[in-house]
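Participant: Structure in structure tokens, see below.
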Amino acid sequence: MVIKTRHEKELFDKAAEIFIEEYKSSISEKGRFSVALSGGSTPKELFKRLVKMQINWKNVDIFMVDERYLPPNHADSNYRLLWDNLFSRINIPIENLRTIKYMESLEISRMEYEKEVEDFIKGKKNSFDLIVLGMGRDGHTASLFYDNLEMTGTVVPSLESKYHKYNRISLGLGVINSCRKKMFILKNDKKEILKLVLSGKEHPASFVIKNVIYIINEEDK
């Protein structure tokens, strides 16, 4: 499903609306809500809205979609962005935050997060109730690029390359596709790559399937 908005405020208002709908549905059904969140600049506006909403964060489990292998206080760390704009502004038990930790090596960090994710999703029909995704101009999503797209792990690495800066850790495609609902939040500059993804061109984001919502702002502002 593609939802087109006229300006950025409407884009993020709609994303927050869908987030709340999924939250309420899951709470009504089973008493808890699980969500995987992306970093980057685009979701910041969503987070600003979420901190003002009536959400019982004690019943919410938050996971990270991906992370750069960087110290948590680094300016490019997704954890720092999430902490500054969401985690530090809501009343959520620390044990409800499942984050990708900066450990002795990329592989140790990956394995530690993989265990945490696998322990949570074991026996569940869906990995998470909702995943919030973005899309690069090259068609990547999460930290899934052409070099790691076919990896089958729950959590996969992506080494620094011509495709991107920094070594990274990401939820694997299988876990992403197992989410009950996937929501892409896309600004105006992603119109062309979204057309390619929807046309079936083999970009990483085109492999995210089933119950996918693309919200895109069609105006410049």
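Participant: Take the Cα gyration tensor of the chain, multiply each eigenvalue by 5, square-root it, and list the three semi-axes largest first, rounded to whole angstrom. Show your work: numbers first, answer last.
Facilitator: Values: eigenvalues 105, 99, 60 Å².
Over the Cα atoms of the chain, the semi-axes work out to 23, 22, 17 Å.
Participant: Another question about this same structure. For the chain, report the accessible area per residue in Å² (1.4 Å probe, heavy atoms, rounded to an integer).
Facilitator: 49 Å²
Participant: Here's another thing I want to ask about it. How large is ³J(HN,Hα) for each residue in the range 19-35, as worked out from phi by the Karplus curve 6.51 cos²θ - 1.76 cosθ + 1.60 (θ = phi - 60°), to whole Hz, x for Gly and Pro?
Facilitator: 4, 5, 4, 5, 4, 4, 4, 5, 4, 5, 7, 9, x, 9, 9, 10, 9
Participant: Which of Lys44/Lys162; Lys122/Lys165; Lys24/Lys58; Lys48/Lys124; Lys48/Lys210; Lys181/Lys201 have a Cα-Cα distance over 24 Å?
Facilitator: Lys44/Lys162; Lys122/Lys165; Lys48/Lys124; Lys48/Lys210
Participant: Give me the percent of the accessible area of the range 60-140 that comes from carbon and sulfur atoms, probe 1.4 Å, all protein chains in place.
Facilitator: Of the solvent-accessible surface of the range 60-140, carbon and sulfur hold 49 percent.
Participant: Apply the a/c threshold of 1.5 to the C-alpha gyration tensor of the range 57-137 and tell me whether it is rounded, prolate or oblate.
Facilitator: rounded
Participant: Another question, if that's okay. Report Rg (one decimal) and Dmax (nearest whole number) for the range 78-118, counting Cα atoms only, units Å.
Facilitator: Calculated on Cα positions, Rg and Dmax stand at 11.6, 32 Å.
Participant: Okay, moving on. Run the dipole for the range 1-75 about the Cα centre, Lys and Arg Cβ at +1, Asp and Glu Cβ at -1, nothing else charged, and hand back the magnitude in debye, nearest 20.
Facilitator: 200 debye
Participant: Shifting gears a bit: State the Cα centre-to-centre distance between the range 40-116 and the range 152-213 in whole Å.
Facilitator: 18 Å
Participant: Mean separation of Cα pairs under 8 Å and 6+ residues apart, divided by the residue count of the range 39-181: what relative contact order is that in percent?
Facilitator: Once normalised by length, the contact order is 25 percent.
Participant: In sequence order, what are the phi-derived ³J(HN,Hα) couplings for the range 156-161 according to the Karplus relation 6.51 cos²θ - 1.76 cosθ + 1.60 with θ = phi - 60°, rounded to whole Hz, with x for glycine and proline?
Facilitator: Ordered by residue, 3J(HN,Hα) equals 10, x, 9, 7, 3, 7 Hz.
Participant: When the chain is fully extended, how far beyond the present Cα-Cα distance does His74 get from Glu8, taking 0.36 nm per residue of separation? Don't skip to the answer; put the middle values down first.
Facilitator: On the way: separation 66, 0.36 × 66 = 23.76 nm, distance 2.76 nm.
My answer for the length gained is 21.0 nm.
Participant: Then there is this: Once you've got the Cα coordinates, tell me which of Lys9/Lys190; Lys101/Lys187; Lys30/Lys115; Lys9/Lys191 are over 19 Å apart.
Facilitator: Lys101/Lys187; Lys30/Lys115
Participant: Also, quick follow-up: For labels at Lys210 and Ser105 in the simple 7 Å Cα→Cβ model, what's the distance in nm?
Facilitator: Taking the two extended label points, one gets 3.5 nm.
Participant: Between Arg89 and Lys44, what is the label-to-label distance in nm when each label sits 7 Å out along the Cα-to-Cβ direction?
Facilitator: So the label points at Arg89 and Lys44 sit 1.1 nm apart.
Participant: Charges on Cβ only, +1 for Lys and Arg, -1 for Asp and Glu, centred on the Cα centroid of the range 25-163; of Gln54, His74, Thr42, which one is farthest towards the dipole's positive end?
Facilitator: Gln54
The values are calculated or read from the model by the stated rules, or taken from the named source; none is laboratory data. All values reported here derive from a predicted model rather than from experimental measurement. Note that each Cβ is placed from the backbone with ideal geometry, even for glycine, and that neighbours are counted across all protein chains shown. These area figures cover heavy atoms from the full protein model, side chains too; ligands, DNA and RNA do not enter into them. Shrake-Rupley method; radii C 1.70, N 1.55, O 1.52, S 1.80 Å.
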